[in-house]
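What follows is a short report on a single structure.
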Amino acid sequence: MDEPRLDKYLWAVRIFKTRSDAAEAIRNNKVLVNGNTCKPSREVRIGDEITVKRMPVVYRYKVVDYVSSRQPARNVPMYCLNITPQEELDKLSAPHETVFVFRDRGTGRPTKKERREIDALMEGFYDDDEEDW
């Protein structure tokens, strides 16, 4: 069997729901192969390590065998091995932090000064989600 394209492989082993979703994630550098960025047309080889960034977890997979068509979920381990560390999987069950800013009823919209204070409070939460590899 020929080596499949990366986008087709990710779709076939059910990492992405559609092939176009897989291609878009690859183009947006959410997918690395052996630690390097690549194109959707890159050919997958047995032994390659694929890293997929899906907030908040960075998943890691190892290519075990080639696949040409989409597989049932029970067959996926024959083609792709999930080697994601347990610390990453624990992020899925971590409690989510929420911030609620209370304002008295009838006080109207926040002033410019109050808006700056709210933005300063929220800044720490937004910066954590946008970290690079």
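Could you grab the relative contact order for the stretch 33-97? Cα pairs under 8 Å, six or more apart, rounded to a whole percent. Working shown, then result.
Values: 77 pairs, mean separation 17.9, N = 65.
Result for the stretch 33-97 is 28 percent.
Considering Cα pairs under 8 angstrom that are at least six residues apart, work out the relative contact order of the stretch 1-46 and quote it in whole percent.
45 percent
Under a point spin-label approximation (7 Å from Cα along Cα-to-Cβ), what is the Phe100-Leu81 distance to one decimal in nm?
4.7 nm
List the relative contact order of the chain as a percent without decimals, with contacts defined as Cα pairs under 8 Å and 6+ residues apart.
The value is 20 percent.
Which entry in (1) 16.2; (2) 17.4; (3) 17.9 matches Kirkwood radius over Cα pairs in Å derived from the coordinates of this structure?
(2)
Where a number appears in this text, it was derived from the coordinates with a stated rule and is not lab data. Nothing here was measured: the structure is a model prediction, and the numbers come from that model. When we count neighbours, we look across all protein chains shown, and the Cβ atoms used for this are built from the backbone with ideal geometry, even at glycine.
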